[in-house]
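The values are calculated or read from the model by the stated rules, or taken from the named source; none is laboratory data. What you see is a predicted model; the values in this text were computed from it and never measured. Ideal geometry is used to build each Cβ from the backbone, glycine not excepted, and the neighbour counts take in all protein chains shown.
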Amino acid sequence: MTMNRVTPILRIFDEAKAREFYVDYLGFKVEWEHRFEENFPLYMEVSFGECVLHLSEHHGDSSPGSAVRIATTQLKAYHSRLLEQNYKYAKPGIEETPWNTAEVRIADPFGNRIIFYAPLQAE
């Protein structure tokens, strides 16, 4: 038996704000979108490299305030890229943790926490 990639579902409430945060700010790309009918809630997949997230406006798909940890390489360069964008709602720092990771923590507009991390020795 094997287990494969995990795809978290994060609750969103506003499509424009979700695109501004995940696509424009974080640099993810939209892979696909789905609505059962026009003017129904959005369910979409975004990706950045091998990282895949599902974003859902559907009640019950997820609870706001969830947290996702995303392993990454070149964390310092990514952190610099985020700061250069001068995003109005986030100015994340890099934290070194007791468990030997460097982490960049960012809250999305819906209260979900995205934690990008790398082993300290990789930085």
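Out of all the residues in the stretch 31-61, which are of a type in the set (Gly, Ala, Ser) and at positive phi?
So the first thing to find is which residues in the stretch 31-61 are of a type in the set (Gly, Ala, Ser), and the list is 47, 49, 56, 60.
Once the filter is applied, which keeps residues that are of a type in the set (Gly, Ala, Ser) and at positive phi, the stretch 31-61 yields Gly49, Gly60.
If I filter the stretch 56-73 down to residues being part of a loop (DSSP other than H, G, I, E, B) and β-branched (Val, Ile, Thr), which single residue comes out as farthest from Pro109 (Cα to Cα)? Step through it out loud before you land on a result.
Let us first name the residues in the stretch 56-73 that are part of a loop (DSSP other than H, G, I, E, B), namely 57-66, 72-73.
Narrowing the set further to residues that are β-branched (Val, Ile, Thr) leaves 72-73.
On the way: Thr72: 22, Thr73: 25 Å.
Ranking the qualifying residues of the stretch 56-73, first place goes to Thr73.
Which residues, taken from the stretch 1-34, are in a strand (DSSP E or B) and either among the basic types (Lys, Arg) or under 11 Å from the mean Cα position of the chain (by Cα) (or both)?
Initial filter on the stretch 1-34 (in a strand (DSSP E or B)): 9-11, 29-34.
Answer for the stretch 1-34, where residues must be in a strand (DSSP E or B) and either among the basic types (Lys, Arg) or under 11 Å from the mean Cα position of the chain (by Cα) (or both): Ile9, Leu10, Arg11, Lys29.
Mind checking which pairs have a first residue in the stretch 61-81 that is of a type in the set (A, V, I, L, M, F, W, C) and a second that is surrounded by fewer than 16 Cβ atoms within 10 Å (Cβ to Cβ) and assigned to a helix (DSSP H, G or I), Cβ under 9 Å, 6 or more apart or different chains?
Close Cβ pairs satisfying both conditions: Leu75/Ala122.
Identify all residues within the stretch 104-123 that are within 24 Å of Lys17 (Cα to Cα) and among the acidic types (Asp, Glu); write none if there are none.
Result: Asp108, single match.
From Ala90, Ala102, grab the single residue that is under 22 Å from Leu10 (Cβ atoms) and of a type in the set (A, V, I, L, M).
Among Ala90, Ala102, only Ala90 is under 22 Å from Leu10 (Cβ atoms) and of a type in the set (A, V, I, L, M).
Select from the stretch 5-30 the residues that are of a type outside the set (Val, Ile, Thr) and surrounded by fewer than 12 Cβ atoms within 10 Å (Cβ to Cβ) and write down the one among them that is modelled with the lowest pLDDT.
Step one: filter the stretch 5-30 for residues of a type outside the set (Val, Ile, Thr), giving 5, 8, 10-11, 13-22, 24-29.
Narrowing further to those that are surrounded by fewer than 12 Cβ atoms within 10 Å (Cβ to Cβ): 5, 16, 24, 29.
Values: Arg5: 86, Ala16: 96, Asp24: 97, Lys29: 98.
Only one residue fits best here, namely Arg5.
Condition test on Tyr87, is it more than 16 Å from Tyr117 (Cβ to Cβ) and in contact with a helix residue (DSSP H, G or I) (Cβ under 8 Å, 6 or more places away or on another chain)? Break it down into steps so the answer makes sense when it comes.
Numbers: more than 16 Å from Tyr117 (Cβ to Cβ): yes; in contact with a helix residue (DSSP H, G or I) (Cβ under 8 Å, 6 or more places away or on another chain): yes.
So Tyr87 fits the description; yes.
In the stretch 74-114, which residues are assigned to a loop (DSSP other than H, G, I, E, B) and either of a type in the set (D, E, K, R) or in contact with a Pro (Cβ under 9 Å, 6 or more places away or on another chain) (or both)?
Taking the stretch 74-114 as the starting set, the residues that turn out to be assigned to a loop (DSSP other than H, G, I, E, B) are 74, 85-94, 97-100, 108-112.
If the condition is that a residue be assigned to a loop (DSSP other than H, G, I, E, B) and either of a type in the set (D, E, K, R) or in contact with a Pro (Cβ under 9 Å, 6 or more places away or on another chain) (or both), then Lys88, Tyr89, Lys91, Asn100, Asp108, Phe110, Gly111, Asn112 are the ones that fit.
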